[in-house]
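The values are calculated or read from the model by the stated rules, or taken from the named source; none is laboratory data. Remember, predicted model here, so these are calculated numbers, not experimental data. Neighbour counts are summed over all protein chains in view; Cβ atoms, including those assigned to glycine, are modelled from backbone coordinates with ideal geometry.
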Amino acid sequence: MKYCFQLLPHANIRYQESLNLLGAAELSCILNALHIDAEVRLEQIGGAPFLCFDAPELTPAQLLACSRYSALCFMCQEENGLLRPIDRPDTDYFPRDLAEVLKYKGKTSAVFTHMMINLALTASKSFGAEKPVTVLDPLCGRGTTLFVALQCGMNSVGIDMDRKDLKEAADYFSRYLQFHRLKHKLEQGARTVKGQNIPDAIYTTANSKQAFQAGDTRSLRMLLGDTGCTGALLKKTPADILVADLPYGVQHAPQEGRRPENFPGMLRRVLPSWKDALRPGAGVAISFNSLTLPRTTLIELMEAAGFQVLKEAPYNDFEHFVEQAVTRDVVVARKA
């Protein structure tokens, strides 16, 4: 049986070309995690880009997993040269505006972020789990990963040392909850780790009043502090997957009272802490600018920290052009 998935259109032509290639790799990872042996092909149907593959008829559970593909616009089967639409399961827990409304310079695309979450999930023991997983972003900035995860019905945890960025994310989320009249609870406190006082805010909410009252809730947690403290902070509540979009510049953001760190130095220091913040079998997806951080260097650092890096297909083909000074790539791994 031939399945055809239409890709979301993108206004940037250069990125649309990248999206086509990234989409094929991501869908291949999802099919691989479902133990479906199928080759994903990019085809033009009626002038629109589709990802196509041949496979036995998909079960409802398999269709549900495939429908979580980040760049999916329309799914169908080809029968006798005609396309038959497939009812797409509604996989959004919150409306898609959650991850899209907050705009700022340098924001990572919500579609790309969703792809990163999917990649980490396919590499983890939590793929296909019925209960909500917890997504950790140890460099969360203004929270795009946190909002995409929550939109998908997952719990999310983020840490960052930029007070202004975290405040903007928290203010936006508070306004979002009020605008949509979503019942929620906010707990604020602080933790002391490695001599640092780390403010901690936890939002608990649900997509309906009935779900909130029944305790069927999701959480979003924001921590203000050094990412090197992540392991100690999440020791009792480890995450199921980790997604991180490394800064694209030559140096990592300056730290309070310290000089800026280069990428290898920063990663060598924090990767063991990131690993400690995860459950055994957790999946990891890290994106980076390969012009400033070679892929081989990142892999060596992750393996030295104890991660099992997935180097073979379909996890080895995510490099793509973003802009003149940025060629982005993704490394996928798991905690043994």
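Selection of strands (runs of 3 or more DSSP E) fully inside the range 288-336 by the criterion of at least 1 residues being of a type in the set (Val, Ile, Thr) and more than 27 Å from Phe127 (Cβ to Cβ) returns 320-323, 326-335. Of the strands (runs of 3 or more DSSP E) that lie entirely inside the range 1-70, those containing 3 or more residues that are surrounded by 13 or more Cβ atoms within 10 Å (Cβ to Cβ) and hydrophobic (A, V, I, L, M, F, W, C) span 2-7, 48-54. Scanning the range 77-91 for residues that are part of a strand (DSSP E or B) and either surrounded by 14 or more Cβ atoms within 10 Å (Cβ to Cβ) or not hydrophobic (A, V, I, L, M, F, W, C) (or both) gives Gln77, Glu78, Glu79, Leu83, Arg84, Pro85.
Among the residues of the range 230-248, are any within 30 Å of Lys335 (Cα to Cα), part of a helix (DSSP H, G or I), at pLDDT 95 or above and in contact with a Ser or Thr (Cβ under 7 Å, 6 or more places away or on another chain)?
yes
Examine the range 135-151 for a residue that is of a type outside the set (D, E, K, R), under 20 Å from Asp90 (Cα atoms), touching a Leu at 6+ places or on another chain (Cβ under 9 Å) and part of a loop (DSSP other than H, G, I, E, B), and state whether such a residue exists. No, because not a single residue in the range 135-151 is of a type outside the set (D, E, K, R), under 20 Å from Asp90 (Cα atoms), touching a Leu at 6+ places or on another chain (Cβ under 9 Å) and part of a loop (DSSP other than H, G, I, E, B).
Of the residues in the range 106-132, how many are in a loop (DSSP other than H, G, I, E, B), farther than 25 Å from Ala325 by Cα and either of a type in the set (Ser, Thr, Tyr) or touching a Pro at 6+ places or on another chain (Cβ under 7 Å) (or both)? Of the residues in the range 106-132, 2 are in a loop (DSSP other than H, G, I, E, B), farther than 25 Å from Ala325 by Cα and either of a type in the set (Ser, Thr, Tyr) or touching a Pro at 6+ places or on another chain (Cβ under 7 Å) (or both). With respect to Cys73, determine if the residue is farther than 19 Å from Thr122 by Cα, part of a strand (DSSP E or B), in the same structural domain as Asn20 (by TED's automatic domain parsing) and at pLDDT 95 or above. No.
For the range 153-168, name all the residues that are surrounded by fewer than 24 Cβ atoms within 10 Å (Cβ to Cβ) and either in contact with a His (Cβ under 6 Å, 6 or more places away or on another chain) or touching a residue at least 40 places away in the same chain (Cβ under 8 Å) (or both). Talk me through it step by step, then tell me what you get.
To start, the set of residues in the range 153-168 that are surrounded by fewer than 24 Cβ atoms within 10 Å (Cβ to Cβ) comprises 153-155, 160-168.
Passing the criteria: Gly153, Met154, Asn155, Asp160, Met161, Asp162, Arg163, Leu166, Glu168.
Hey, among the residues in the range 196-229 that are out of contact with any strand residue (DSSP E or B) (no Cβ under 6 Å at 6 or more places or on another chain) and either aliphatic (A, V, I, L, M) or assigned to a strand (DSSP E or B) (or both), which one's surrounded by the most Cβ atoms within 10 Å (Cβ to Cβ)?
Ala206
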